[in-house]
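The values are calculated or read from the model by the stated rules, or taken from the named source; none is laboratory data. As the structure is a computational prediction, the values presented were derived from the model and not from experiment. Every residue, glycine as well, gets a Cβ built from its backbone with ideal geometry; the counts of neighbours run over all protein chains shown.
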């Protein structure tokens, strides 16, 4: 996706992918919690607030705004709330909290609800996602 939309030579494919991206961004925006983060199961508020999904959503939204695919007036507040949530989930020593241990696709919602966020199994990937989000913010949106 790094080269999209210029990377696809077919205008019809570009238009279709753009619509999918816009729809996904709108759904993500609607599911954002008051905390600024998103839930581990994005559309299920019974699952816990999860930091790496927030970082990945922030990254996608910031890229979309910067590329002119999403309206800054609509998405800047979403991005700013997401960043505030990420900052609150990061301890003064740099430890990123609230990241689900990797799991793949599970058979039930309960498997997600009960997934650990113990730092030893979640930290490396979670911290990396937060770094990516920070880089996107530094590039501007």
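Screening 62, 138, 76 for residues that are modelled with pLDDT of 95 or more, over 13 Å from the mean Cα position of the chain (by Cα) and under 30 Å from residue 16 (Cβ atoms) leaves exactly one candidate, 76.
Figure legend. Inter-residue proximity from region 107-136: first residues at negative phi and surrounded by fewer than 19 Cβ atoms within 10 Å (Cβ to Cβ), second residues modelled with pLDDT under 75 and assigned to a helix (DSSP H, G or I), beta-carbon distance below 8 Å, spacing 6+ or different chains. Indicated pairs: 116/122.
Taken residue by residue, region 65-88 has at least one member that is closer than 18 Å to residue 100 by Cα and surrounded by fewer than 13 Cβ atoms within 10 Å (Cβ to Cβ). When restricted to residues that are part of a loop (DSSP other than H, G, I, E, B) and either touching a residue at least 24 places away in the same chain (Cβ under 8 Å) or surrounded by 15 or more Cβ atoms within 10 Å (Cβ to Cβ) (or both), region 42-64 contains 5.
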